[in-house]
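Notes for the one structure printed next.
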Amino acid sequence: MRISTKGRFAIIAMIDLALHEGAVPVPLSSIALRHRISLSYLEQMFSRLRQDGLVESTRGPGGGYTLNRPATAITVADIVGAIESGESGATRPAEPAALDMAQELWDALNGKMVDYMRTITLATLVADQRAKGYKVEDRRAVRQAIVRQPKPEPLRITAPNSVFALGKSLLAPN
């Protein structure tokens, strides 16, 4: 199994979704901002994740994505499998003899990697992030914090603005 950049981003996005999931769906635009991932790229990934039944979408204002199953029931293998399905892996050599020489090794390694990814749940990855000190901000608090700040008074400079004005200020009696 090959884990591409798309697979890595999908894992990151799913961890983020699980961390920020609550009473309201998480918009993809907020995930895109937090992780600097293209919104259209995320839309493609979440389309595949939705087709595989890992997430569900809510349309309209206040819409976004939520997990379709508990985080304990979603594994890294599920996420990567949903994203990488249909994409070609490594190119195979044209000669059958070259293919047979190491194919058993690659198949065994691939099987071990998939078995290991099946042991890692999304809930485990979320718990790891929380143990590292990741804190989720309440979206309502963030909206309230975005308030216009009063404009500061412009500075009034009383210093002379030219050499001639400086000379006059020095010659003028106090």
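The values are calculated or read from the model by the stated rules, or taken from the named source; none is laboratory data. A quick note: this is a predicted structure, and the numbers were derived from the prediction, not measured. Virtual Cβ from ideal backbone geometry, glycine too; neighbours counted across all protein chains shown. Surface accessibility is based on the protein's heavy atoms, side chains included, excluding ligands, DNA and RNA. Shrake-Rupley method; radii C 1.70, N 1.55, O 1.52, S 1.80 Å.
Inside the stretch 59-86, can you point out the residues that are open to solvent by 70 Å² or more (accessible area, probe 1.4 Å) and in contact (Cβ under 8 Å) with a residue 12 or more places away in the chain? Spell out the reasoning first.
Keep residues of the stretch 59-86 that are open to solvent by 70 Å² or more (accessible area, probe 1.4 Å), which gives 59, 61, 68-70, 72, 86.
Matches in the stretch 59-86: ASN68, ARG69, PRO70, THR72.
When the stretch 24-68 is filtered for residues that are under 15 Å from the mean Cα position of the chain (by Cα), among the polar types (S, T, N, Q) and not in a strand (DSSP E or B), the ones remaining, listed by number, are SER29, SER30, SER38, SER40, GLN44. Restricting the first member to the stretch 104-129 and to residues that are within 14 Å of ILE79 (Cα to Cα), and the second to residues that are modelled with pLDDT of 90 or more and open to solvent by 90 Å² or more (accessible area, probe 1.4 Å), the beta-carbon pairs closer than 8 Å and six or more apart or on different chains are THR121/THR72; LEU122/THR72; ALA123/THR72.
Among the residues of the stretch 1-52, those that are without any contact (Cβ under 8 Å) to a residue 24 or more places away in the chain and open to solvent by less than 20 Å² (accessible area, probe 1.4 Å) comprise ASP16, ILE31, ALA32.
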